[in-house]
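Visitor: My structure is below; once you've seen it, I'll send some questions.
What follows is calculated from the coordinates using simple rules that are stated; it is not laboratory data. Because the structure is a prediction, the values reported are computed rather than measured. Cβ coordinates were reconstructed from backbone atoms using ideal geometry, including for glycine residues, and neighbour counts include every protein chain displayed.
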């Protein structure tokens, strides 16, 4: 391809030439000194800050400084009804499995009463339930003329409970009846305590004892599985005991098992299998449940205290989302992308860390498209090993800056030094990575589907895939438009030359008669350039032809190289009556222009010398693998100097010369 620009020499009475947070490591929970209750074993309890709160005014959280480390359901006092519940429904029966280890303390009195219960419910209670033998969870202990449905309406609705009952209920001198009449206590040697499970809001849980209409709990329920087991000995023996509850989901429902163990008692393990329909019936068609604890004392009493080993199985990664945008436009599977399109990967993460230890984020893997480049802050492509600064926004506020390291294949970046997420809190964080569609060679449009990436976190190094908000898949889909690239001479400069004499002025006829010898070679130190020996490009554009700088753009992805050449016609007067030369010669060659590259004030480099004799000179030979090239930019005119040989026959007037630029698509 060829392009032409104009250069001018003007001689009148004088001669003139006219020629763009996160978080530090958390300490283990500790029991408060001076507590009326012995400390659970080290490692058996954790911080519970903000996870639970009392429903009963007779319950409170046990705190050590700013850490809530236990639940005091009731103090060692008669007539208490305790109730503490989670503030969120975090027990999710749609999870494949979870385990909850708890420590329970029921005082040190063999005559204590009445016991405590672990409970799951579809709704959080707003007030304590019935006390005494009802343990704050079951229906009332009796109603004259009552029926099972009447009792069920006074129990906690849509719930399941595991009760540890420490006092046998007996009513009547001849016939015995009461809440635990059907537990199956042995006649001799009984502890008169049991652990049992059931459904406080279901009428099938209750029978009516006669003649006094006392409530009896039904174990081995025909509608919903449950059971009861008499304890081998008294559990209120001054020791902490372990109560663990485990869930394993199945295709048709799931199994919930529980185990009670500890000093002085035989271990009890029971398992209950629920169908999906039973789960719906029990919990009112809710699968995310509130977790709570209840207790009660009567005339006899004991304290009821709970500590929880860990809530790690209940950490919920609510959101790992990614959105790819071009400007403000969300990229969908039919979005057509082109070279140079500016893209942004936007990531959003939400983790509800109920556990009492910080939640580690081990790494975040961020794949990108084959035809995309991640961009560094200066706008240049990030290459293998480069670290890209990623500014986190945490809970909507500016957070720390982390590094995303571009991997060896340049198909992904990985963040591996993320701060841990704080304990007992829900944390959201977001960040963005800029990218650009790079040059490529595709003869037709092509659809792509890239992996959306993943976050690896938690003590078990679980992978959480990112979800593309455009279609809720784990892929980012788009179309790369057909493109085979091009080579173009985007811009060529025009020049106006003058001499330097306290400023730019037009040279005189006498100046040209004497000539401007220039310097050969051109000094590399700007301070050594003798501007008195040159006429200089002023940075002005010629009136006839505009153009400020020289630029070649090569968008061909294979980068085979190219060659830029230039020829300069002889300078002549604008009326074509005289060509700058001796004795009527029209061959030119009196003027020699030197193109200059001055990237900084300390360096000057000679690019090429071109005489005004129509001879072609190579300005730039770009080898294979080379890219774009330019001299000057929108803010800085291409720089040039010109030498002129002595010309005694020069005439006054304005001189023009035409530069012809030729760009070839292969190098020499």
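Visitor: By counting other Cβ atoms within 10 Å of each Cβ, how are 661, 138 ranked from fewest to most? Mind showing how you got there, number by number?
Guide: On the way: 661 19, 138 31.
By the 10 Å Cβ count, ascending, the order reads 661, 138.
Visitor: Next question, about the same structure. For the range 311-338 and the range 400-428, what is the separation of their Cα centres, given in Å?
Guide: Taking the Cα centre of each part, the range 311-338 and the range 400-428 sit 16 Å apart.
Visitor: Quick check on packing: order 571-580, 415-424 by the mean number of other C-beta atoms within 10 Å, highest mean leading.
Guide: Working: 571-580: 16.7, 415-424: 19.9.
Ranking, from highest mean packing down: 415-424, 571-580.
Visitor: Using a Förster distance of 56 Å, how high is the FRET efficiency between residue 416 and residue 617, based on the Cβ-Cβ distance and rounded to 0.05?
Guide: Using R0 = 56 Å, I get an efficiency of 0.55.
Visitor: Based only on other Cβ atoms within 10 Å, what is the fewest-to-most ordering of 610, 535? Don't skip to the end; give the middle numbers.
Guide: Details: 610 23, 535 30.
By the 10 Å Cβ count, ascending, the order reads 610, 535.
Visitor: A follow-up question, please. Can you give the helix-only mean residue ellipticity at 222 nm for the chain, where every DSSP H stretch with n ≥ 4 adds -39500 (n - 2.57) and the sum goes over all residues, rounded to the nearest 500 deg cm²/dmol?
Guide: Calculated mean residue ellipticity at 222 nm is -500 deg cm²/dmol.
Visitor: Going highest first, how would you order 385-392, 41-48 by mean Cβ packing within 10 Å?
Guide: Output ranking for 385-392, 41-48: 41-48, 385-392.
Visitor: When you count, for each residue, the other Cβ atoms within 10 Å and take the mean per peptide, how do 112-118, 477-483 rank with the highest first?
Guide: Per-residue Cβ counts within 10 Å, averaged per peptide and sorted highest first, yield 112-118, 477-483.
Visitor: Which of rounded, prolate, oblate describes the range 155-294, given a ≥ b ≥ c as roots of the alpha-carbon gyration tensor eigenvalues and a/c under 1.5 marking rounded, otherwise prolate only if a/b is larger than b/c?
Guide: Oblate, because a/c is 1.5 or more while a/b does not exceed b/c.
Visitor: Rounded to the nearest whole Å³, what is the per residue volume of the convex hull around the Cα atoms of the chain? Kindly include the intermediate steps, with their values, before the conclusion.
Guide: Details: hull volume 137.5 nm³, N = 668.
Looking at the chain, the number lands at 206 Å³ per residue.
Visitor: May I pose another question? Can you give me the C-alpha center-to-center distance between the range 261-306 and the range 71-88, rounded to a whole angstrom?
Guide: 15
Visitor: Does the range 211-277 classify as rounded, prolate or oblate by the C-alpha gyration tensor (a ≥ b ≥ c root eigenvalues; a/c under 1.5 gives rounded; else a/b over b/c gives prolate, otherwise oblate)?
Guide: Working: a/c = 3.31, a/b = 1.19, b/c = 2.78.
It is oblate, given that a/c is not under 1.5 and a/b is not larger than b/c.
Visitor: Please pull out the direction-averaged projected area of the range 38-112, using the convex hull of its alpha-carbon atoms, in nm² to one decimal place. Could the numbers behind the result be given before it?
Guide: Working: hull surface 27.0 nm².
Projected area, direction-averaged: 6.8 nm².
Visitor: Rounded, prolate or oblate: which fits the range 52-309 when a ≥ b ≥ c are the square roots of the eigenvalues of the alpha-carbon gyration tensor, with rounded for a/c under 1.5 and prolate only if a/b beats b/c?
Guide: Since a/c stays below 1.5, the shape of the range 52-309 is classed as rounded.
Visitor: Given the C-alpha atoms of the range 501-548, compute the convex hull and give its volume per residue in Å³.
Guide: For the range 501-548, the hull spanned by Cα atoms encloses 125 Å³ per residue.
Visitor: While we're here: Would you mind ranking 176, 141 by Cβ crowding within 10 Å, fewest neighbours first?
Guide: Fewest-to-most Cβ neighbours within 10 Å comes out as 176, 141.
Visitor: Quick one: pull the percentage of alpha-carbon pairs in the range 316-480 with a separation above 28 Å.
Guide: 21
Visitor: Within the range 462-479, whose backbone N sits under 16 Å from a point 7 Å along Cα→Cβ of residue 444?
Guide: Of the residues in the range 462-479, 479 have backbone N under 16 Å from the label point off residue 444.
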